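Novice: Encoded as structure tokens, here's the structure I'll be asking about.
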Amino acid sequence: DSGVTQTPKHLITATGQRVTLRCSPRSGDLSVYWYQQSLDQGLQFLIQYYNGEERAKGNILERFSAQQFPDLHSELNLSSLELGDSALYFCASSPGAGAFYEQYFGPGTRLTVT
Amino acid sequence: QQQVKQSPQSLIVQKGGIPIINCAYENTAFDYFPWYQQFPGKGPALLIAIRPDVSEKKEGRFTISFNKSAKQFSLHIMDSQPGDSATYFCAASMVSGAGGTSYGKLTFGQGTILTVHP
């Protein structure tokens, strides 16, 4: 158990809908990363927050957004869902924002868009 | 330039064998190279990591070899066990990229599915 929690574990929804994925980082970690894992694209970085502020963006679609709250939990919002958005979404946390801080991954949320 | 190429895609060894997984990168700004292990239905778990000023790092049965001039690094699993059967990912990150927007994001290889037969 990494100490990172993600809810829900599974999510099934229809195209065009909007969903929210939630992540609680390890105690004391200030940085949260979101990654998408799919069969064709592998593990892809989406976005990073550090102590409530956005620090880095990857290939995140405009339909996707995220935020980190004062209690440091983070939410990833996915809207106007398409079939291709079906994937595993992982949250990772680390104590700091830099590359040398180890990232610990949560168990993921499996999103199925029908 | 942001890619990390991993090989092989899959690997089958007998118990006690030494599977080797290789990764190569282009961007010389990468300066942190972790390996992750993922079991089905679970999130990636950090195994071991290395920085480019070190050529080798061992942790238990896992060893990373790093060749900075060739821009390659590899994972060796000594005395492999059936419980090591999982997908392994190499990754790379940099302290800061252009405009300081790459703080710690990981660029992953495509993964290697390892099967260790009893």
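Just so it is clear, none of the values below were taken in a lab; they were calculated from the coordinates. Nothing here was measured: the structure is a model prediction, and the numbers come from that model. Here the Cβ is made from the backbone with ideal geometry for all residues, glycine too, and neighbour counts use every protein chain on show.
Novice: Could you tell me whether any residue of segment A:20-39 is hydroxyl-bearing (Ser, Thr, Tyr), more than 10 Å from chain B (Cβ to nearest Cβ) and without any contact (Cβ under 8 Å) to a residue 40 or more places away in the chain? Explain how you work it out, then say what you get.
Specialist: Going through segment A:20-39, the residues hydroxyl-bearing (Ser, Thr, Tyr) turn out to be A:20, A:24, A:27, A:31, A:33, A:35, A:38.
Subset that is more than 10 Å from chain B (Cβ to nearest Cβ): A:20, A:24, A:27, A:38.
When the remaining residues are screened for being without any contact (Cβ under 8 Å) to a residue 40 or more places away in the chain, the result is A:27.
Checking segment A:20-39: at least one residue is hydroxyl-bearing (Ser, Thr, Tyr), more than 10 Å from chain B (Cβ to nearest Cβ) and without any contact (Cβ under 8 Å) to a residue 40 or more places away in the chain.
Novice: Looking at (1) touching a Pro at 6+ places or on another chain (Cβ under 9 Å); (2) at positive phi, find the lone condition where B:Thr115 falls short.
Specialist: Here B:Thr115 clears every test but (2).
Novice: Of all strands (runs of 3 or more DSSP E) completely enclosed by segment B:29-118, which ones contain at least 1 residues that are within 10 Å of another protein chain (Cβ to nearest Cβ)? Lay out the reasoning, then the answer.
Specialist: Working: elements: B:33-38, B:45-50, B:56-59, B:62-67, B:72-77, B:86-92, B:112-117.
In segment B:29-118, B:33-38, B:45-50, B:86-92 are the strands (runs of 3 or more DSSP E) which contain 1 or more residues that are within 10 Å of another protein chain (Cβ to nearest Cβ).
Novice: If B:Tyr25 meets every condition in (1) within 12 Å of chain A (Cβ to nearest Cβ); (2) surrounded by 13 or more Cβ atoms within 10 Å (Cβ to Cβ) apart from one, which number is that one?
Specialist: So B:Tyr25 meets the others, but not (1).
Novice: Check A:Asn77 against each of (1) closer than 30 Å to B:Ala29 by Cα; (2) under 10 Å from the mean Cα position of the chain (by Cα) and name the one condition it does not meet.
Specialist: (1)
Novice: May I pose another question? Within segment A:72-92, does at least one residue satisfy the condition of being touching a Phe, Trp or Tyr at 6+ places or on another chain (Cβ under 7 Å), under 20 Å from B:Leu47 (Cα atoms), at the interface with another protein chain (Cβ under 10 Å from one of its Cβ atoms) and free of Cβ contacts under 8 Å to residues at least 24 places away in the same chain?
Specialist: There is no residue in segment A:72-92 that is touching a Phe, Trp or Tyr at 6+ places or on another chain (Cβ under 7 Å), under 20 Å from B:Leu47 (Cα atoms), at the interface with another protein chain (Cβ under 10 Å from one of its Cβ atoms) and free of Cβ contacts under 8 Å to residues at least 24 places away in the same chain.
Novice: Moving to a separate point now. Filter segment A:40-71 down to residues that are assigned to a strand (DSSP E or B) and more than 10 Å from chain B (Cβ to nearest Cβ) and give me whichever is nearest to the chain's Cα centre (by Cα).
Specialist: Kept after step one, since they are assigned to a strand (DSSP E or B), are these residues of segment A:40-71: A:42-50, A:53-57, A:64-68.
Among the residues that remain, those that are also more than 10 Å from chain B (Cβ to nearest Cβ) are: A:49, A:53, A:64-68.
Working: A:Tyr49: 10, A:Glu53: 15, A:Phe64: 10, A:Ser65: 10, A:Ala66: 8, A:Gln67: 10, A:Gln68: 11 Å.
Across segment A:40-71, the extreme among qualifying residues is A:Ala66.
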